[in-house]
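See below for the structure under consideration.
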Amino acid sequence: MSQKAGITPRISSGIHSNATSFGILNDDFRKAFCRLPSKKEAASLLYQYLENFNCLCPLFEQAKLTSLFDGDNLNNALRVPSCWASVNVVFALGIAFRVKDRTVAHSEHQRSWLFIKNALGTFHDLCLGQPDLWSIQALLGMSIFFLGTMSAEPCCFLAAAAIRMSEQIGLGRLNEDITLSSEDMQHRRRILWIAYWLDREISIRFGRPPTQSDEDMSIDLPTATPMDDGQISSSTSKQGKFDAFRANCQLATIKGQLYKELYSVAAKNRPLSEVMTSIGTLDRMLRNWREDLPPECRPELHGLVSVSQSSISVTLLYLHYSYFNCLIAMYRLIASRGLRTSEDLLRKYEELSSSAPPPYTARVFESETLCANAARASIRLLKYMPEGHMSFVGILIHYPIVALTTLSSIIIRNPLKAPRSNDLRLMDQVETYLSSLVVSIPNQIIGQLRAYCANYRAAASAAAQKTMQFYAR
């Protein structure tokens, strides 16, 4: 892979010859679980990080990061816990998110994990020291790493620490700070929105209340990603480019509203009529978000339009998965109540409310169908999973698993409805894909997820088989 102009890292000489290529590790916080790489490999990993991760999730400002890696600066910088952690996070993510075949996934994972352990060794220093941007970026990077390994607890813990630190330095109120330059404003805004996206993703994925409150934020969406690589060429977008990062941030705000309205503690005992109204509002927000995308980038029920830039197509795949997952999260609340027809649901609504349902809730009366279609579309996206991008796979595999459990629940509730055989075949696809991952991803969680999905598929198959036998008598 050739290095593109503008992101070729430069690491100069002047590195101390003892201990590691980047200086003597004589500070208490710098407990090294693995040696830092040579200058040549460090430059390669920095390039891999910028090429495969930072262009999609602009966690570090490219110029400042490249400057940090300059050997003349690095010896002193590595004596600062936040910089030491950030450098190791870059190495870990550079390894974890570069494209490799599955035969070397185990060794790659092991090495990236050792760099994360280097960074984790500074956790107390980061949290107890003076908060700064490097610390927040390092904590967010570590959290995203654990999201890619499907490790919920450290992912949630590190993200929460990063968000609390961002509140300490007032990142959520940047619009009030007139002392910052335009570049600094944009960079800090991107960091805050990455934290916001991660917080809302964790909230929806793991069913936890968000750490960051919408009421405490007064900051605009990012105006643009810092690199052209972070945008998708589009013939229909007004500017000729589609900013996938900004679209992801917009979708994160809908996820936050979805959790608040439907899954928070305050939402648990809401009457059905209020839940239906909220789902109608959220559905309208989600459809407006979809319609604002260029036509070739919109989530479709039958596939994903091919995008030439492979790394960007991963982001587009994530947006599609997130869209269908939001639909599932909304409509399964109605579908799970066992109200199988729109007439049943309308009658139940009228029993609980003295007024007619608002017109924009019409789609709610097709909840089971919409939920099932979204689940099918999510599983069909498996064929676009990126080969060799094991950390991206770790982040994305959550969605087809949710889709499988959703289809299983729908079949168990209503095994007579067609097309159950097609749905069972789709569920088989998820299990088969997970089986293929077991041999390449060194993670016990994959095996557990395969068994988890097998149980759901078997339960759905048994329900369908039992019903067929009953009616065949």
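The values are calculated or read from the model by the stated rules, or taken from the named source; none is laboratory data. It should be emphasised that the depicted structure is a prediction, and the values quoted were computed from it without experimental measurement. For neighbour counting, all protein chains shown are included, and Cβ atoms are generated from backbone atoms with ideal geometry for every residue, glycine included. Note: areas computed on protein heavy atoms with side chains; ligands, DNA, RNA excluded. Shrake-Rupley method; radii C 1.70, N 1.55, O 1.52, S 1.80 Å.
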Simple SL model, points at 7 angstrom along Cα→Cβ for D292 and E274; separation in nm is 2.8
Taking a probe of 1.4 angstrom, what is the accessible area of T315 in Å², to the nearest 10?
20
So for R376, R246, what's the accessible-area order with a 1.4 Å probe, most first?
R246, R376
Assuming 0.36 nm per residue, please report the length gained on full extension of the stretch R173 to A451 beyond their Cα-Cα distance.
95.5 nm
If N is the residue count of the range 376-418, its Cα Rg over 2.2 N^0.38 Å rounds to 1.40
What is the extension gain from H124 to M385, computed as 0.36 nm multiplied by their sequence separation minus the C-alpha to C-alpha distance, in nm to one decimal?
90.3 nm
Förster-model FRET efficiency, 45 Å R0, S421 and K117, C-beta, rounded to 0.05:
0.40
Using a 1.4 Å probe and counting only protein heavy atoms, arrange R200, R35, R337, R205 so the residue with the most accessible area comes first.
R35, R337, R205, R200
Pairwise label distance in nanometres, Q110 with A362, each label 7 Å out on the Cα-Cβ vector
6.0
So for R0 = 30 Å, FRET eff. of T369-F206 from the Cβ-Cβ r, to 0.05, ends up at 0.60
Full-stretch length increase - S336, S181 - with 0.36 nm per residue and alpha-carbon distance subtracted
50.7 nm
Quote the FRET efficiency, to the nearest 0.05, computed for D214 versus S38 with a Förster distance R0 of 60 Å and r equal to the Cβ-Cβ distance.
0.85
Which order do peptides 448-456, 324-332, 55-63 fall in by mean Cβ count within 10 Å, highest first?
324-332, 55-63, 448-456
Just read off the accessible area of K383 with the full protein assembly in place, 1.4 Å probe, to the nearest 10 Å².
150
